[in-house]
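To start, the structure under review is shown below, and the notes come after it.
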Amino acid sequence: QVQLVESGGGLVQAGGSLRLSCVASGSIFSINAMGWYRQAPGKQRELVTIVTSGGTTNYADSVKGRFTASRDNAKNTVHLQMNSLKPEDAAVYYCKAAVKHIRCGNIYQYWGQGTQVTVSS
């Protein structure tokens with residue numbers, strides 16, 4: 001089994017910053033892409049950013065220039081630095097990872113439980 005645990009969410013004023021972290025643990029041989037998604041009330045879950053194992057990042061247009069993702073492959077961790085937060089960034093943020101199992105070698109997608117980000121105007 002593989003578990004993803006997010007942390008770092010909370011309440012922040014518009015213009016402020018938060019740093020989210022996600023740690024993967026369990027039967028991990030390697031992790032391909034890791035990413036962050038978010039879901040606001042009444043809306044579909046949307047991609048925020050994807051980080052490849054080589055560190056290449058892709059961002060949603062809505063967060064470009066404000067959010068920065070990074071990985072620590074040795075620690076199976078991905079971070080999301082969120083600056084200049086806006087009320088429309090408020091959502092539950094989910095971590096997702098494509099994990100190659102140490103036993104069977106298959107690749108599965110895993111989600112974390114989510115962490116709430118609230119931005120007050």
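The values are calculated or read from the model by the stated rules, or taken from the named source; none is laboratory data. No experiment lies behind these values; they were computed from the predicted model shown. Don't worry about glycine lacking a Cβ; one is built from the backbone with ideal geometry, like all the others, and counts go over all protein chains shown. All accessible areas refer to the heavy atoms of the entire protein, side chains included, with ligands and DNA or RNA removed. Shrake-Rupley method; radii C 1.70, N 1.55, O 1.52, S 1.80 Å.
Okay, here's what the table says:
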quantity	calculated
Selected residue (only one of L4, L11 is out of contact with any Asp or Glu (no Cβ under 9 Å at 6 or more places or on another chain), in contact (Cβ under 8 Å) with a residue 24 or more places away in the chain, under 18 Å from N83 (Cα atoms) and of a type in the set (A, V, I, L, M))	L11
The range 95-121 - residue that is closer than 24 Å to P41 by Cβ and among the small types (G, A, S) and, of those, surrounded by the most Cβ atoms within 10 Å (Cβ to Cβ)	G112
Yes/no for L47 being open to solvent by 40 Å² or more (accessible area, probe 1.4 Å), modelled with pLDDT of 95 or more, under 17 Å from Q113 (Cα atoms) and assigned to a strand (DSSP E or B)	yes
Complete set of residues in the range 58-94 that are in contact with a Ser or Thr (Cβ under 6 Å, 6 or more places away or on another chain) and open to solvent by 40 Å² or more (accessible area, probe 1.4 Å)	Y59, Q81, N83, P87
